[in-house]
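Colleague: Next up is a structure, given as structure tokens.
The values are calculated or read from the model by the stated rules, or taken from the named source; none is laboratory data. Only a predicted model underlies this, so the values are computations on that prediction, with no experimental measurement involved. Don't worry about glycine lacking a Cβ; one is built from the backbone with ideal geometry, like all the others, and counts go over all protein chains shown. Please note that ligands, DNA and RNA were not included when accessible areas were found on the heavy atoms of the full protein model with its side chains. Shrake-Rupley method; radii C 1.70, N 1.55, O 1.52, S 1.80 Å.
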Amino acid sequence: MQAAMTGGRRLALGGIAWLLVGCAGTGGNMESAEPGRLPPCPSSPNCVSSDANDAAHRIEPIAVGGDPRATWQALVELINTDPSYTVVERTDDRLRAEARTRWLRFVDDVEFQLRAEQGEIAMRSASRLGYSDLGANRRRLEAVRRALAQRSG
């Protein structure tokens, strides 16, 4: 009986994973189309970006109050100390990282770009696989926004 339940759970989890992955997407494409902008989101609903023009993919950038470099440094420290992130590339004004989802361990691509002159940090999070992320990328970036606000508040 226990073996049958375990097999049923595995089958259910496998089915859920298959539904989430479904059609493998290119949401993780991190090649920017324009200098100074984040890469565009694909048409699938598994990406959010501050540079997106449509409401489904658009997320507001992080507003920088005060010293932009201090806020940027706080963001870098936040990402570096969060075990769900692995920093892939970092420059003075750009941070690229991989984020692992908690349950199924999917890898998502996350990017932040300091735009000091505009008083903001643009951000993007995109799933590498699947069609829908069930809002995971938006929740991830909103959590970063809240964590930064708590650090500065």
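Colleague: Out of all the residues in segment 115-134, is one or more outside any helix (DSSP H, G or I), surrounded by 13 or more Cβ atoms within 10 Å (Cβ to Cβ) and β-branched (Val, Ile, Thr)?
Modeller: yes
Colleague: Still on this structure: Going by what's in this entry, would Arg105 be described as open to solvent by less than 70 Å² (accessible area, probe 1.4 Å) and charged (D, E, K, R)?
Modeller: no
Colleague: What do you reckon, is Arg96 open to solvent by 20 Å² or more (accessible area, probe 1.4 Å), in a strand (DSSP E or B) and of a type in the set (Lys, Arg)?
Modeller: Yes; evaluated as a whole, the condition is true for this residue.
Colleague: Is it true that some residue in segment 50-71 is open to solvent by less than 80 Å² (accessible area, probe 1.4 Å), part of a strand (DSSP E or B) and touching a Leu at 6+ places or on another chain (Cβ under 9 Å)?
Modeller: Within segment 50-71, one or more residues are open to solvent by less than 80 Å² (accessible area, probe 1.4 Å), part of a strand (DSSP E or B) and touching a Leu at 6+ places or on another chain (Cβ under 9 Å).
Colleague: Of all the residues that make up segment 72-87, how many are open to solvent by 30 Å² or more (accessible area, probe 1.4 Å), in a strand (DSSP E or B) and touching a residue at least 12 places away in the same chain (Cβ under 8 Å)?
Modeller: Of the residues in that region, 1 qualify.
Colleague: Can you say whether Thr101 is β-branched (Val, Ile, Thr) and either at pLDDT 95 or above or in contact with a His (Cβ under 7 Å, 6 or more places away or on another chain) (or both), as far as the supplied structure shows? Before you say what the answer is, go through the steps one by one.
Modeller: Numbers: β-branched (Val, Ile, Thr): yes; either at pLDDT 95 or above or in contact with a His (Cβ under 7 Å, 6 or more places away or on another chain) (or both): no.
Against the criterion (β-branched (Val, Ile, Thr) and either at pLDDT 95 or above or in contact with a His (Cβ under 7 Å, 6 or more places away or on another chain) (or both)), Thr101 does not qualify.
Colleague: Still on this structure, I have one more. Given the criteria in contact with an Asp or Glu (Cβ under 6 Å, 6 or more places away or on another chain) and not β-branched (Val, Ile, Thr), does Ser127 qualify?
Modeller: yes
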